[in-house]
Amino acid sequence: MIDWPRVTELRDEVGAEDFGEVVDIFLEEVEEVIGKLEGGNRGQLEQDLHFLKGSALNLGFEEFSSMCLDGERRSAQGEAEGVDVAAIIANFQASKSAFLTGLSEKF
């Protein structure tokens, strides 16, 4: 679910002191887009999933990123209504929980 080597790499790149801020910004920005999706707004689904995919990859949310990529591709093909947004949101919540738990254990 979480690519811990990527998380460690990012932490090393930005430094332990700034890593917490990077995590906070990531969660804030992603949760803002997730809130939009929870509200049923699919007007920019392809763009929203593209943003989520890239953000998730940077912080090691591997499975979530993969789901966003699939949804982004389907949206680009005109199949936005077939994207399981609820599953994507549920995966984010599970990934976030695993990430925060892992952070407290690993760092």
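The values are calculated or read from the model by the stated rules, or taken from the named source; none is laboratory data. Given the structure is predicted, the values throughout are model-derived calculations rather than measurements. All Cβ positions, glycine included, derive from the backbone under ideal geometry; neighbour counts span all protein chains shown. Side chains are part of the model used for accessible areas, which takes the heavy atoms of the whole protein and leaves out ligands, DNA and RNA. Shrake-Rupley method; radii C 1.70, N 1.55, O 1.52, S 1.80 Å.
Numbers for the structure displayed
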| quantity | calculated |
| --- | --- |
| Test: residue in segment 37-51 that is modelled with pLDDT of 95 or more, farther than 19 Å from ARG74 by Cα, assigned to a helix (DSSP H, G or I) and open to solvent by less than 50 Å² (accessible area, probe 1.4 Å) | no |
| LEU100 being aliphatic (A, V, I, L, M), under 23 Å from ASP24 (Cβ atoms) and over 11 Å from the mean Cα position of the chain (by Cα) | yes |
| Output for segment 63-107, where each listed residue is aliphatic (A, V, I, L, M) and crowded, with 18+ Cβ neighbours inside 10 Å | MET67, ALA80, VAL83, VAL85, ILE88 |
| Segment 52-85, subset among the acidic types (Asp, Glu) and either in contact with a Pro (Cβ under 6 Å, 6 or more places away or on another chain) or part of a helix (DSSP H, G or I) (or both), residue modelled with the lowest pLDDT | GLU81 |
| Residue within segment 83-96 that is touching a Lys or Arg at 6+ places or on another chain (Cβ under 8 Å) and in contact (Cβ under 8 Å) with a residue 12 or more places away in the chain present | yes |
